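Reading through the structure tokens given below for one structure.
The values are calculated or read from the model by the stated rules, or taken from the named source; none is laboratory data. Fair warning: this is a prediction, and the values are worked out from it, not measured in the lab. All Cβ positions, glycine included, derive from the backbone under ideal geometry; neighbour counts span all protein chains shown.
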Amino acid sequence: MTDSPASDPNRAAAILTIDLAALAANYRLLATTAAPARCAAVVKADAYGLGIDVAAPALEAAGARDFFVAQLEEGIALRALLPEARIAILNGLAPGCEADYAVHRLLPVLNHPGEIEAWHGFARKTGERQHAFLHIDTGMNRLGLGAGELDRLAAHPDLLAGIDIDLVMSHFACADEAANPMTAAQAATFQAARGRLPKAPASIANSSGIFRGAAYALDLVRPGCALYGVNPTPEAANPMRPVVRLEARILQLRDVDSPMTVGYGATFRVARPTKIATIAMGYADGYLRSLSGRGEVWVAGTRAPLVGRVSMDLVTIDVTDVAEADAQPGALVEVIGPHRDVDAIARDAGTIGYEVLTALGQRYARRTVGAAA
């Protein structure tokens, strides 16, 4: 086990534990499921909140050789961690920063004609062929070449002069919905687009897409959330291992009774003699305010519902049914863990596991357990 040098878990108000063995196991499961396709690792947004500095080396040790981030600065930071990895920038070619991609050996995902033109111009300026990935939009309508832009590129292949397209990619919109026909429709659109472009390996499957059939794996899959324990198959049991555990300390206990109220706005009115515990976390730590009056934590294996509003630094819970010896100042309560995983927290908050993970705050003492290999 290693602890963050910035915070001592013994004096921390809340502790976030990251299981590197579980992270590695999740990567290997995804890679096995997708085989013979290659399996990349998406580590954007600081590895979905877990910390790119701990997650990326663990994923490389587990076998990952291809990595995706969203922004150029993320790619530069990742290159310092992984000198030999293939790293692609999903948000594309930052204007005027072409040389930075070359210096740090980063692959832009070319999303629109302006980026293609700029990368072509950089290749001409340097007198060297430049490598890139090419993104085709198949229905997401965010990034990627639209139908008309694809037509123009197919009609004028010289637009790619000086560029080696190492991968043609798209992105599923609804792969987490098993019965949604859009996944098959996007795959068909993508295959038709590939036939109009220079021959290159292809990728369309995200975390959920990996579990929708071997036909969608193509040459490379790009899991993100599933690596970190979010369920990629919401209609079935989660095949992934949990990677994070979050615990927060009890600060104070208070006995209250009707007609007293708890928290901002007096939204919780006490109906019986109740023991309230205040724990050291809040929305400043990424514990979403939408959990107010809806969430729950676990104290020594006993459920304790949230009462009142989640505030910036504090959450109040009902520990009336918790053994007195277990609910004491300084005791740690389970916020994310065996009794309440990331997806359960997301359901309570009316969101998705991605947001829960990427919201994880910087005030937690962070520690890692397990071996990546």
Checklist line | Checklist (1) farther than 30 Å from Asp158 by Cα; (2) part of a loop (DSSP other than H, G, I, E, B); (3) free of Cβ contacts under 8 Å to residues at least 40 places away in the same chain; (4) not assigned by TED's automatic domain parsing to the domain that holds Asp313 applied to Glu235, failing item | finding: (3)
Check: Counting only residues that are modelled with pLDDT of 95 or more and part of a helix (DSSP H, G or I), which one in segment 194-208 is surrounded by the fewest Cβ atoms within 10 Å (Cβ to Cβ)?
Finding: Ser208
Check: Out of Ile116, Ile136, Ile87, which single residue is more than 23 Å from Arg38 (Cα to Cα) and surrounded by 21 or more Cβ atoms within 10 Å (Cβ to Cβ)?
Finding: Ile116
Item checked: Filtered residue count, segment 324-342, keeping only those that are closer than 24 Å to Tyr48 by Cβ and either in contact with a strand residue (DSSP E or B) (Cβ under 6 Å, 6 or more places away or on another chain) or surrounded by 14 or more Cβ atoms within 10 Å (Cβ to Cβ) (or both) -> 10
Next item on the list: Would you mind telling me which numbered condition in (1) at pLDDT below 95; (2) surrounded by 18 or more Cβ atoms within 10 Å (Cβ to Cβ); (3) of a type in the set (S, T, N, Q) Gln362 fails?
Entry: (2)
Next item on the list: Go through segment 57-74 and give me each residue that's surrounded by fewer than 24 Cβ atoms within 10 Å (Cβ to Cβ) and either of a type in the set (A, V, I, L, M, F, W, C) or in contact with a Gly (Cβ under 8 Å, 6 or more places away or on another chain) (or both).
Entry: Ala61, Ala62, Ala70, Leu72
Checklist line | Which numbered condition Gly127 misses (of (1) under 16 Å from Ala161 (Cβ atoms); (2) crowded, with 20+ Cβ neighbours inside 10 Å) | finding: (2)
Notebook entry, point to check: Of the conditions (1) under 22 Å from Ala346 (Cβ atoms); (2) in contact with a Cys (Cβ under 9 Å, 6 or more places away or on another chain); (3) touching a residue at least 24 places away in the same chain (Cβ under 8 Å); (4) among the polar types (S, T, N, Q), Gln186 fails just one. Which one is it?
Noted result: (1)
Checklist line | Positions within segment 212-231 being assigned to a loop (DSSP other than H, G, I, E, B) and either modelled with pLDDT of 95 or more or in contact with a strand residue (DSSP E or B) (Cβ under 6 Å, 6 or more places away or on another chain) (or both), in sequence order | finding: Ala217, Leu218, Asp219, Arg222, Pro223, Gly224, Gly229, Val230, Asn231
Next item on the list: Would you check which residues across segment 330-356 are in a loop (DSSP other than H, G, I, E, B) and farther than 15 Å from Pro242 by Cβ and list them?
Entry: Gly330, Ala331, Gly350, Thr351, Ile352
Next item on the list: List every residue pair whose Cβ atoms sit under 8 Å apart, with the two residues 6 or more apart in sequence or on different chains, where the first one lies in segment 20-38 and is buried (at least 18 other Cβ atoms within 10 Å of the Cβ) and the second, anywhere, is among the polar types (S, T, N, Q) and not in a loop (DSSP other than H, G, I, E, B).
Entry: Leu20/Thr368; Leu30/Ser207
Note to self: For segment 182-208: of the residues being among the basic types (Lys, Arg) and out of contact with any helix residue (DSSP H, G or I) (no Cβ under 7 Å at 6 or more places or on another chain), which is farthest from Gly144 (Cα to Cα)?
What the structure shows: Lys199
Margin query: Looking at the structure I just gave you, is Gly148 farther than 30 Å from Glu296 by Cα and assigned to a helix (DSSP H, G or I)?
Written below: yes
